[in-house]
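A.B. asks: Would you mind keeping the following structure in view while I ask a few things?
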Amino acid sequence: QVQLVESGGGLVQPGGSLRLSCAASGINFSIYAMYWYRQAPGKQRELVAAVSISSSTNYASSVKGRFTISRDNAKNTVYLQMNSLKPEDTAVYYCNARMATRSYWGQGTQVTVSS
């Protein structure tokens, strides 16, 4: 049974930081590309960051320079370090594992940026 479990969300003030984690089980984590998506109320889900199996990374322009995605294959975990958070970063954040035609999603973790 494949499980992706996100954690680390919460309420933070503008300018603050959070680190999200996504722990995977039931898959050979090292051969899956990993992604973080987010979905704000009333908006479509959007890609935030991606890390390949070789640890190359890509970011949405809205988060470039503020967010960092990384992976630890020994812990079957992908991280999203979020700095300089803005109110517009408020959303449910989801991790996604993809390999060929296989795609798995976590349940999401809420991030709220507000004073």
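A.B. asks: For region 92-115, enumerate the residues that are under 11 Å from the mean Cα position of the chain (by Cα) and either small (G, A, S) or under 14 Å from G26 (Cα atoms) (or both).
C.D. replies: N96, A97, W105, G106, G108
A.B. asks: State which residue is modelled with the lowest pLDDT when the search covers only region 1-24 and only residues that are polar (S, T, N, Q) and open to solvent by 50 Å² or more (accessible area, probe 1.4 Å). Reasoning before the result, please.
C.D. replies: To start, the set of residues in region 1-24 that are polar (S, T, N, Q) comprises 1, 3, 7, 13, 17, 21.
Checking the rest, the ones that are also open to solvent by 50 Å² or more (accessible area, probe 1.4 Å) come to 1, 3, 7, 13, 17.
Numbers: Q1: 93, Q3: 97, S7: 97, Q13: 98, S17: 98.
Selected residue: Q1.
A.B. asks: Being out of contact with any strand residue (DSSP E or B) (no Cβ under 6 Å at 6 or more places or on another chain) and hydroxyl-bearing (S, T, Y) is the filter here, so list the residues in region 56-82 that pass it.
C.D. replies: S56, S61, S62, listed by residue number.
A.B. asks: When region 39-54 is examined, which residues are found to be in contact with a strand residue (DSSP E or B) (Cβ under 9 Å, 6 or more places away or on another chain) and open to solvent by 70 Å² or more (accessible area, probe 1.4 Å)?
C.D. replies: Across region 39-54, the qualifying residues are P41, K43, R45, E46, L47, I53.
A.B. asks: Any idea which of (1) over 28 Å from I31 (Cβ atoms); (2) surrounded by 21 or more Cβ atoms within 10 Å (Cβ to Cβ) is the one M82 doesn't satisfy?
C.D. replies: Among (1) over 28 Å from I31 (Cβ atoms); (2) surrounded by 21 or more Cβ atoms within 10 Å (Cβ to Cβ), the lone unmet condition for M82 is (1).
A.B. asks: So which residues in region 29-38 are in contact (Cβ under 8 Å) with a residue 60 or more places away in the chain and either among the charged types (D, E, K, R) or exposed (fewer than 13 other Cβ atoms within 10 Å of the Cβ) (or both), if there are any at all?
C.D. replies: I31, R38
A.B. asks: For region 50-93, which positions are at positive phi and free of Cβ contacts under 8 Å to residues at least 40 places away in the same chain?
C.D. replies: S55, G65
A.B. asks: If you don't mind, another one. What are the residues in region 28-58 that are β-branched (V, I, T) and assigned to a loop (DSSP other than H, G, I, E, B), if any?
C.D. replies: If the condition is that a residue be β-branched (V, I, T) and assigned to a loop (DSSP other than H, G, I, E, B), then I53 is the only one that fits.
A.B. asks: Still on this structure: Return yes or no: is V12 aliphatic (A, V, I, L, M) and either touching a residue at least 60 places away in the same chain (Cβ under 8 Å) or over 22 Å from M99 (Cβ atoms) (or both)?
C.D. replies: yes
A.B. asks: So for region 9-27 (the condition being small (G, A, S), in a helix (DSSP H, G or I) and closer than 19 Å to N73 by Cα), does at least one residue qualify?
C.D. replies: Among the residues of region 9-27, not one is small (G, A, S), in a helix (DSSP H, G or I) and closer than 19 Å to N73 by Cα, which makes the answer no.
A.B. asks: For region 61-77, which positions are part of a loop (DSSP other than H, G, I, E, B) and within 13 Å of Y37 (Cα to Cα)? If you could, list the steps in order and put the result at the bottom.
C.D. replies: Within region 61-77, the first condition is being part of a loop (DSSP other than H, G, I, E, B), and the residues that meet it are 61-66, 73-76.
Once the filter is applied, which keeps residues that are part of a loop (DSSP other than H, G, I, E, B) and within 13 Å of Y37 (Cα to Cα), region 61-77 yields S62, V63.
The values are calculated or read from the model by the stated rules, or taken from the named source; none is laboratory data. A quick note: this is a predicted structure, and the numbers were derived from the prediction, not measured. Here Cβ is always computed from backbone atoms with ideal geometry, including for glycine, and neighbour counts include all displayed protein chains. Heads up: the accessible areas ignore ligands, DNA and RNA and are worked out on the full protein's heavy atoms, side chains in. Shrake-Rupley method; radii C 1.70, N 1.55, O 1.52, S 1.80 Å.
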